[in-house]
Structures are given as C-alpha cells and as structure tokens.
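Here's the structure we're looking at; comments come further down.
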Amino acid sequence: MKNKSLRSLAIAAFILTLSTASYAQFSLGLQGGIAKSNVEDSKTVAGGGVNLRVFTSPQFAFGIAGKIYADGSDYRVAGQTLSTTGTLTPVTGTLDYFFATGAIRPYVGGDAGVYFSKYDAKFNGNTILESSKHSNFGAAPRAGLVFAFGNLGIQVEGIYHFVFGNKNHASTTGSASNVDFESTSNFGGVNVGVIFGLGGK
C-alpha cells in the first residue's frame, strides 16, 4: 500500500512538473527607482536594476534580481573639494504572486539575498578612504500594480528593504549564525519599470 501511495505521489509530481514546464514563460524586467533610509535627515538616492523571472502559472513567478543604489556628496573645505560616494547592490531571489490576470494586475512579492556595499572618499580627486566591500543578508517585501498591454507590462511598486548586520562586525556574513537580526539598516522606495514577456493572458 505504501509503495502504491509513493508511486501515485511520484506520478502526480511528474505531471505537475510537466504542466508547469509546458506553461513556463520567461520574462525580463527593467526598473528604476528612488529610495530613502529611516535615518533622520537622510538623502533620497536613485537606483535601478534588472529582474529575470519565470512565470510557472499566469499568477506566480520566481526569479533573480540585481539592483544598484548610488549615493554621493561634494563638500567644499578651505577651497578644496571632498567627495564621498557609496553603492549598495542587492543580488536576490524573487517571488511574485499576481491577484489577477487582466489589464490591471495587483501583486505582492518579496526579495531575499545578499546586499553588497562599498564606500569611498576623495579629496581633490585623490582617494583618501576606500572601504572594503561588505556583504550582508537582506530581505525586501514588495507590493504594486502591473498595467498589462499584451505581453508587455508597466510596473509600479513600493518596496521596503531590511539589511541585517553581522554579530562580530566582520565585513562578510559567512554563515547564518553570524547574522545579527537585531541590527538592521532599513530603507523604503518606489520603483517604476517595464516587463517584457509578461505571464498570463
């Protein structure tokens, strides 16, 4: 009896895999956006990125994404120029669930992965400070709307990032046991983009 049950489950899983593979539709998303951290008096920074998705059904997609946010300031000190620059680059896995498949498609989603950061300072064009690259685990819930035009979608979403620190303050996470879930760098933003190869009709 047990073998029959296992065989039935294996057949059902195989059929589900075939049906999912037969539907699977690949898509490419391009985004631009702005973000602002929860730190008082922080500046609004701009960013953008790319998202590769696979629609396994008209309403569900998973994929990978890469974004980059850049920040910088110039200061005049005794007639000299001090410039600071910084980049934050999330590389994440993504999940999206669409509540509808019509012309207007509300959705919720989430990202999780590694957030790479690097900062430096230049005085009159000469580098005086350059940080090592840091990598921290991060996650970001998202919600938005897609306006569908056939196989093309225009996307507007809100996103909020949680970037977790490291317990021993090392520059790399190393392992899950080194993630400090009490120390986060939070920032929210708005993204606008276009999706080529939109799943669902």
Review point. Could you say whether any residue in the range 75-82 is on the phi > 0 side of the Ramachandran plot and surrounded by fewer than 17 Cβ atoms within 10 Å (Cβ to Cβ)?
Key: yes
Practice item. Determine, yes or no, whether residue 100 is over 18 Å from residue 142 (Cβ atoms) and more than 22 Å from the chain's Cα centre (by Cα). Key: no
Practice item. Would you point out the residue of the range 117-147, among those that are in contact with a Lys or Arg (Cβ under 6 Å, 6 or more places away or on another chain) and surrounded by 14 or more Cβ atoms within 10 Å (Cβ to Cβ), that is nearest to residue 31 (Cα to Cα)? Key: 146
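Just the residues that are at pLDDT 85 or above and either of a type in the set (Gly, Ala, Ser) or surrounded by fewer than 16 Cβ atoms within 10 Å (Cβ to Cβ) (or both), please, taken from the range 173-193.
Filtering the range 173-193 down to residues at pLDDT 85 or above leaves 186-193.
The answer is 186, 188, 189, 190, 192, 193.
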Review point. Within the range 118-147, which residues are at pLDDT 85 or above, over 13 Å from the mean Cα position of the chain (by Cα) and of a type in the set (Gly, Ala, Ser)?
Key: 135, 144
**Study point:** Options 34, 64; residue that is under 15 Å from residue 160 (Cα atoms), in a strand (DSSP E or B), modelled with pLDDT of 80 or more and of a type in the set (Val, Ile, Thr)
**Key:** 34
Review point. So, of the residues in the range 42-90 that are hydrophobic (A, V, I, L, M, F, W, C) and more than 24 Å from residue 139 (Cα to Cα), which turns out to be nearest to the chain's Cα centre (by Cα)?
Key: 82
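The values are calculated or read from the model by the stated rules, or taken from the named source; none is laboratory data. None of the values given here were measured: they were computed from a predicted structure. Cβ coordinates were reconstructed from backbone atoms using ideal geometry, including for glycine residues, and neighbour counts include every protein chain displayed.
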